[in-house]
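Read the structure below first, then the notes.
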């Protein structure tokens with residue numbers, strides 16, 4: 001009988017020891033998991049921050065490119081339309097343009113050219129593109145007379161991908177006032193800002 005009590009005592013101590021060890025191990029594992037989760041959070045936040053920064057940088061670069069005014073281009077002194085005027089677009093240089101409501105954001109006196117050019121990023125020729133201004137053509141900034149049709153030049157404008165550095169031929173020229181505008185496409189979508197260029201006969205206040 002006495003031996004049975006001793007045996008029961010030993011078993012009880014053994015069970016308590018095992019339970020204590022298991023409880024301690026569970027706590028250590030939980031702390032390790034919690035610690036691992038916490039340590040991974042800053043990495044995720046850092047990644048999101050870098051993505052947002054990259055997006056903002058790309059948007060800034062695009063905006064700077066669109067609003068850039070060619071060196072030497074002179075503001076118009078007596079333009080038909082003034083900065084802030086609301087106009088309607090009468091031409092369709094691109095889809096969603098004709099009939100759109102626009103705001104004048106710049107007016108400049110220059111020679112505007114219609115050109116045919118070979119994009120640097122494509123084999124497809126772009127014909128009768130309107131417009132580039134004289135200040136956007138290489139080696140012509142001091143040109144006093146308009147370039148003759150058929151003249152070959154290099155384009156420095158960045159209106160569209162593949163335009164800068166492209167070889168082009170003059171189709172026609174016009175001494176005029178050109179306008180830079182913001183407009184709401186008739187096809188929907190976001191406002192197009194600082195679009196270049198429109199001539200006076202491509203705009204209307206009516």
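The values are calculated or read from the model by the stated rules, or taken from the named source; none is laboratory data. Note that the coordinates shown come from a computational prediction; the quantities given were computed from them, not determined experimentally. Using ideal geometry, Cβ is built from the backbone for each residue, glycine included, and neighbour counts are taken over all protein chains shown.
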### Query
Which residues, counting only those in segment 148-178, are under 21 Å from residue 76 (Cβ atoms), in a loop (DSSP other than H, G, I, E, B) and in contact with a helix residue (DSSP H, G or I) (Cβ under 8 Å, 6 or more places away or on another chain)?
157
### Query
Out of all the residues in segment 136-147, which are at pLDDT 95 or above and either in contact with a helix residue (DSSP H, G or I) (Cβ under 6 Å, 6 or more places away or on another chain) or not in a loop (DSSP other than H, G, I, E, B) (or both)?
136, 137
### Query
If you take the residues in segment 81-115 that are in contact with a helix residue (DSSP H, G or I) (Cβ under 6 Å, 6 or more places away or on another chain) and surrounded by fewer than 17 Cβ atoms within 10 Å (Cβ to Cβ), which one is nearest to residue 204 (Cα to Cα)?
90
### Summary
Residue hits (segment 91-125; in a loop (DSSP other than H, G, I, E, B) and in contact (Cβ under 8 Å) with a residue 24 or more places away in the chain) are 91, 93, 95, 96, 97, 98, 99, 100, 119, 120, 121, 122
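With the condition kept exactly as written, say whether any residue in segment 67-80 is over 25 Å from residue 187 (Cα atoms), in contact with a helix residue (DSSP H, G or I) (Cβ under 7 Å, 6 or more places away or on another chain) and exposed (fewer than 14 other Cβ atoms within 10 Å of the Cβ).
Yes: segment 67-80 contains one or more residues that are over 25 Å from residue 187 (Cα atoms), in contact with a helix residue (DSSP H, G or I) (Cβ under 7 Å, 6 or more places away or on another chain) and exposed (fewer than 14 other Cβ atoms within 10 Å of the Cβ).
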### Task
Quickly run through segment 151-206 and pick out the residues that are surrounded by 14 or more Cβ atoms within 10 Å (Cβ to Cβ), more than 22 Å from the chain's Cα centre (by Cα) and free of Cβ contacts under 8 Å to residues at least 40 places away in the same chain.
151, 153, 154
## Note on the structure
Residue hits (segment 127-139; farther than 20 Å from residue 104 by Cα and surrounded by fewer than 19 Cβ atoms within 10 Å (Cβ to Cβ)) are 127, 128, 138, 139
### Message
Based on this model, can you work out whether residue 88 counts as farther than 12 Å from residue 197 by Cα and in a strand (DSSP E or B)?
### Response
yes
